[in-house]
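A short write-up of the structure that comes next.
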Amino acid sequence: MNINFNGKRALVRVDFNVPLDKEYRITDDTRIREALPTIRYILEAGGSVILMSHLGRPLQKLNPDGSINREKFTLKHLVPYLRRKLKSRVFFADDCIGKKARAKANALKPGQVLLLENTRFHPEEEKGDPEFARQLAELGDVYVNDAFGTAHRAHASTAVIAQYFSPAHKCFGFLMQREIENADRVLKNPEHPVTCVVGGAKVSDKILLLEHFLSFADFILIGGAMAYTFFLAKKGNVGNSLVEPDRVEAAKAFLKKAKAAGVKILLPKDSLCGDRLAADATVQVYPSQQIPEGWMGLDIGPAAARSFARVIRKSKTIVWNGPMGVFELEPFAEGTKAVAKAIARATSKGAFSMVGGGDSVAAVNQLKLAKKISFVSTGGGAMLEYLEGRELPGITAIRG
Ligand code: AMP
């Protein structure tokens, strides 16, 4: 954050989309906690902070009479929490644009905070309306984007607004900067060998990721249900495993491209299969290409876990997205656990490791291994798109 915030009003886009219980108490404050360093830094530098965020999807969940359910989706519920954490004056504006918001923003003194009402109360936010963005921009002297989780959306407060600030008056917050720097460590000039571990349910969700990984990986390890579509492409028998027959051609094409690019693809040799998708299913290990009818592959098998771990252990850069099996059910969590442990071990020996984009983050947390990974992204869908090599509107808007 190379801006001098002294005496400035900083308009900060944060992701305060936190879960609330029936009494509107915060049940998981992770997202707010992560934004606090940026807010504190600006306040300590002599600036004031105007916070913008969305909360939920108020326009998709209207009251029966078509009005907005303000009680449920108001950000006002967060004010007491922010006062406690920031130990500063925290004001609230019950509309994020307009006369009152402007007056409150203008009256802010250094060290004070103004929280604006949910930006998604206005349909213009998600439409990326330039006039709405301009009205938001009027509230601050500088713009800081610290909402990496929404960086893949071209919304008014996450991207469009940045055009109203010169390059010297806009920057990323610490959280967003960290996400970008860590992902770039994988995507730009990574230390080799580079291993990408990809799992999860569907080839269709991950094909862009796989294709982008081809441009810099040495090894790609494929687990999860998506592996069975690849086995179909290799004319294997996968029993009742979850497959996408309409992606078999895409899987074949990918394997061909990988060969041409000299990237080694590892599929799980064996699978831990169940007779049904349940925690008390009968289980049996089969070679992944010879799964009998009536059985479904629900995790990578022990031989696959060993060979995946071997590759991971000799890697210098590792990126992981997607579980190796149905890790939510204990009998099918072993493969994911083995991969997580191998990544943790490689990290302790000096490799750089990153886990990002959805369920694998949940897996690492569930296994209590997050601290042993170099970087665990909180970016969800935004990180997935960034790793796919796509431009994220929220990043481009600031970086140019
Ligand atoms: P994704 O969100 O694409 O990373 O997929 C994660 C989901 O894939 C998790 O809910 C897993 O339970 C599921 N999954 C992983 N492996 C399998 C499998 N072999 N069969 C069925 N579902 C799986």
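Could you work out the equivalent-ellipsoid semi-axes for the range 9-172, taking the square root of 5 times each eigenvalue of the Cα gyration tensor, largest first, in whole Å?
22, 19, 15
D by Stokes-Einstein for the range 183-338, Kirkwood Rh over Cα pairs, 37 °C, 0.692 mPa s: 213 µm²/s.
Remark on MET324: its backbone amide H falls under 5 Å from those of THR336, a criterion applied only to residues 5 or more positions apart or on other chains, H modelled at 1.01 Å from N. Counting only aspartates and glutamates at least 8 places from LYS234 when in the same chain, those with an alpha carbon closer than 12 Å to its own are GLU249. ILE42 sits with roughly 0 Å² accessible to a 1.4 Å probe, with DNA, RNA and ligands left out of the calculation. Where both bridge residues fall in the chain, DSSP classifies roughly 20% of the beta bridges as antiparallel. Per residue, the convex hull spanned by the Cα atoms of the range 313-400 amounts to 99 cubic angstrom.
Taken over the chain, the alpha-carbon convex hull comes to 158 cubic angstrom per residue. Calculate one ³J(HN,Hα) per residue across the range 210-218 by plugging θ = phi - 60° into the Karplus curve 6.51 cos²θ - 1.76 cosθ + 1.60, and present them in order as whole Hz with x for glycine and proline. Working through the residues one at a time gives 4, 5, 5, 4, 4, 6, 9, 7, 9 Hz.
Shown here are the Rg and Dmax of the Cα trace of the range 260-302, at 12.7, 43 Å. For HIS155, the residues whose modelled amide H falls within less than 5 Å of its own, excluding neighbours fewer than 5 places apart on the same chain, are VAL160. The calculated 222 nm mean residue ellipticity attributable to helices in the chain amounts to -10500 deg cm²/dmol, summing -39500 (n - 2.57) over DSSP H runs of n ≥ 4 and dividing by all residues.
Close amide H pairs (under 5 Å, H built 1.01 Å from N) link ILE265 with ILE220, residues at least 5 positions away or on another chain. Loop-located GluC sites (Glu not before Pro) across the range 131-209 with a Cβ neighbour count of 16 or fewer within 10 Å are GLU138, GLU191, with loop assigned by DSSP.
The values are calculated or read from the model by the stated rules, or taken from the named source; none is laboratory data. The shown structure was predicted, so the numbers you read here are calculated from the model rather than taken from an experiment. Backbone-built Cβ (ideal geometry, glycine too); neighbour counts: all protein chains shown. Surface areas here come from the heavy atoms of the whole protein model, side chains and all, with no ligands, DNA or RNA. Shrake-Rupley method; radii C 1.70, N 1.55, O 1.52, S 1.80 Å.
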